[in-house]
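Read through the structure below, which is laid out as structure tokens, and then see the notes.
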Amino acid sequence: MYVVGGIVALAVVVGVSVLTVKLVGGGEASVGAVGAPAAHVEITEANTVALSEFVTNLADQRQYIKVTMQLVLAKEKDQERVNAAVPRIRDTVVQVLNTKKSMEVTGSDGANKLKADVLKVLNEQLGANTIHEVLITDIVVQY
């Protein structure tokens, strides 16, 4: 009985969190250079790297984020090198997420700041201008 109640309560919390993120404006805006809107770049299979879903805790106690991202590469020729670095990239993204509080990643401003932070750190790690843009394709913050 308690298990069913817990599952129902979790489903309600996740549903409310999703609705809150959608209403507050957590869309799919993209950020290129830190803080600036990215120039339009055609997104193709040859210049993107999809990262599998991240589920990790935020800096707030007992706050979690579920986020899916895609990386748009500056040059198609970098795809093999970036694909080989995905484990290190995922580690870096988790480290960035763990420093964020829930209020810092909600809404369009929060999502844009998160993308800018990830872009900056990944380009420091992989080489300047390797990643052109970070896209958030799904985000849920559990309060």
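The values are calculated or read from the model by the stated rules, or taken from the named source; none is laboratory data. The shown structure was predicted, so the numbers you read here are calculated from the model rather than taken from an experiment. Using ideal geometry, Cβ is built from the backbone for each residue, glycine included, and neighbour counts are taken over all protein chains shown.
When both residues are 6+ apart or on different chains and their Cβ atoms are under 6 Å apart, which pairs have a first residue that lies in the range 97-112 and is under 15 Å from Asp138 (Cα atoms), and a second that is among the charged types (D, E, K, R)? As it stands, the answer is Gly110/Glu104, since those pairs meet every condition given.
Look at Val55 and say whether it is in contact with a Phe, Trp or Tyr (Cβ under 8 Å, 6 or more places away or on another chain), surrounded by fewer than 19 Cβ atoms within 10 Å (Cβ to Cβ) and free of Cβ contacts under 8 Å to residues at least 24 places away in the same chain.
In short, yes.
Summed over the range 59-86, the residues that are at pLDDT below 95, of a type in the set (S, T, N, Q), surrounded by 14 or more Cβ atoms within 10 Å (Cβ to Cβ) and not in a helix (DSSP H, G or I) give a count of 1. With the condition kept exactly as written, say whether any residue in the range 113-124 is β-branched (Val, Ile, Thr), crowded, with 20+ Cβ neighbours inside 10 Å and more than 12 Å from the chain's Cα centre (by Cα). The answer is no; no qualifying residue exists.
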